[in-house]
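The next block holds one structure in the form of structure tokens; read it before the comments.
The values are calculated or read from the model by the stated rules, or taken from the named source; none is laboratory data. Quick caveat, the model's predicted, so the values are computed rather than measured. Here the Cβ positions follow ideal geometry from the backbone for every residue, glycine too, while neighbour counts run over all protein chains shown. Accessible surface is based on the protein model in full, side chains and every heavy atom, while ligands, DNA and RNA are left aside. Shrake-Rupley method; radii C 1.70, N 1.55, O 1.52, S 1.80 Å.
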There are 2 protein chains.
Amino acid sequence: MTKKGAGSRKKPVAPASARLRPIGVIRSALKARGDSPRQGAEGAPDAWLEIAPFAAQAMEGLAIGDEIILLTWLHQANRRVRRVHPRGDLRNPLTGVFATRSPDRPNPIGLHPVTVRAIEGRRVRVGPIEAIDGTPVVDVKPQI
Amino acid sequence: MTKKGAGSRKKPVAPASARLRPIGVIRSALKARGDSPRQGAEGAPDAWLEIAPFAAQAMEGLAIGDEIILLTWLHQANRRVRRVHPRGDLRNPLTGVFATRSPDRPNPIGLHPVTVRAIEGRRVRVGPIEAIDGTPVVDVKPQI
């Protein structure tokens with residue numbers, strides 16, 4: 001990253017393959033960013049995760065009741081933002097986005113802890129989740 | 001994602017901008033994937049996160065003692081893997097990677113809950129963390 005201290009043995013920092021391929025998409029009643037609560041626990045609805053055919057095998061073993069984390073690509077985010085007033089409230093001092101949950105950040109990946117409510121083929125009902133309809137999902141993991 | 005059910009009003013699932021730009025890199029005594037414990041809590045060391053100049057302002061507000069999550073790009077992962085024997089133990093049944101913490105997965109993003117130990121300019125001491133030296137970091141968030 002910095003020239004200083006990076007010896008010739010180091011791996012490149014930005015491999016050419018660092019492109020995300022969505023493994024699915026959120027289908028939600030929330031249609032616009034303004035409709036959405038700021039966090040899933042703040043009154044968000046359940047939604048469907050539609051898994052892409054190429055990734056279907058990766059969901060084997062998921063079960064109703066599992067506590068999982070969806071990683072989304074917040075495709076409407078502004079990647080140039082470095083500091084925000086937390087929760088959009090000007091009374092909160094400007095804070096670096098790494099110390100906040102702002103969707104606007106250099107790599108706008110969202111973390112959404114949710115419960116699996118139902119599984120129907122490649123569709124997984126999850127919630128509560130504040131992600132809007134059409135949000136690409138890039139990974140699913142067990143909760144930490 | 002699937003043609004079926006995706007109306008013309010829907011946003012494209014794979015926006016052209018879904019390319020990650022590392023915001024920093026891990027500098028660790030762990031040099032190879034085989035050296036590394038499977039999870040940070042299993043005896044991993046502390047390491048340095050070196051933040052790239054373009055992202056430095058985004059770390060304003062981080063403080064010693066903060067509990068944060070580093071998101072890494074697991075650049076040595078195999079993105080074609082869909083099922084694994086959890087923890088590499090053949091006695092564990094083949095399981096879809098979305099139900100496991102396998103680094104091998106379609107989008108190999110790692111989640112690393114760590115504590116901030118020290119901050120020196122654009123270098124942040126964090127731990128414990130099992131990520132190996134040279135691992136690109138793509139985001140930093142408060143713990144969920």
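Across chain B, the relative contact order, built from alpha-carbon pairs under 8 Å that are at least six residues apart, equals 37 percent. In a reduced charge model with +1 at each Lys and Arg Cβ and -1 at each Asp and Glu Cβ, chain A shows a dipole moment near 1140 debye about its Cα centre. The ratio of the alpha-carbon radius of gyration of chain A to the globular-protein estimate 2.2 N^0.38 Å is 1.19. Solvent exposure of the protein assembly as shown amounts to 46 Å² per residue of accessible area, where only protein heavy atoms count and the probe is 1.4 Å. Computed on protein heavy atoms with a 1.4 Å probe, the accessible areas place B:46, A:104, A:139 in the order B:46, A:104, A:139, largest first. Note on residue A:20: accessible area approximately 10 square angstrom, rounded to 10, probe 1.4 Å, nucleic acids and ligands left out.
Counting only other chain Cβ atoms within 10 Å of each residue's Cβ, the peptide B:131-138 averages 4. Across the copies of the chain, residue A:46 has label points (7 Å from Cα along Cα→Cβ) spaced 4.5 nm apart, shortest distance listed first. 3J(HN,Hα) along the range A:122-133: 8, 9, 10, 7, 9, x, x, 8, 8, 5, 8, 3 Hz, from the Karplus curve 6.51 cos²θ - 1.76 cosθ + 1.60 with θ = phi - 60°, whole Hz, x for Gly and Pro. Here the Karplus relation 6.51 cos²θ - 1.76 cosθ + 1.60, evaluated at θ = phi - 60°, turns the backbone of the range A:19-31 into coupling constants of 10, 7, 10, x, 9, x, 8, 7, 10, 9, 6, 7, 9 Hz, with x for every Gly and Pro.
Between identical copies, the spacing of residue B:35 label points, each set 7 Å from Cα toward the C-beta atom, reads 5.0 nm from nearest to farthest. Axis-proximal residue of chain B for the rotation onto chain A, reported as residue and distance in whole Å: B:19, 2, based on Cβ position.
Ligands, DNA and RNA aside, residue B:60 has an accessible area near 80 Å² when probed at 1.4 Å. Across the range B:137-144, rounded Karplus estimates of 3J(HN,Hα) from the backbone phi angles (6.51 cos²θ - 1.76 cosθ + 1.60, θ = phi - 60°) give 9, 10, 6, 9, 9, x, 5, 5 Hz, Gly and Pro being marked x. Projecting the Cα positions of B:144, A:84, B:24 onto the charge dipole of the protein assembly as shown (unit charges on Cβ atoms of Lys, Arg, Asp and Glu, taken about the Cα centre) puts B:24 furthest along the positive direction. Sorting A:35, A:133 by solvent-accessible area of protein heavy atoms yields A:35, A:133, largest first, with a 1.4 Å probe. Each copy carries a label point for residue B:115 at 7 Å from Cα along the beta-carbon vector; from one copy to the others these points are 3.1 nm apart, nearest first. Per-residue mean of foreign Cβ neighbours for B:87-99 is 4 (Cβ atoms of other chains, 10 Å radius). For peptide B:49-55, the mean count of partner chain Cβ atoms within 10 Å of a residue's Cβ comes to 4. The accessible-area ordering, largest first, of the residues B:27, A:19 stands as A:19, B:27, per a 1.4 angstrom probe. Taking all protein chains as they are arranged and a probe of 1.4 Å, the heavy atoms of residue B:90 leave approximately 140 Å² accessible to solvent. For the protein assembly as shown, the number of Lys pairs with C-alpha atoms closer than 21 Å, counting only pairs eight or more positions apart or on separate chains, is 11.
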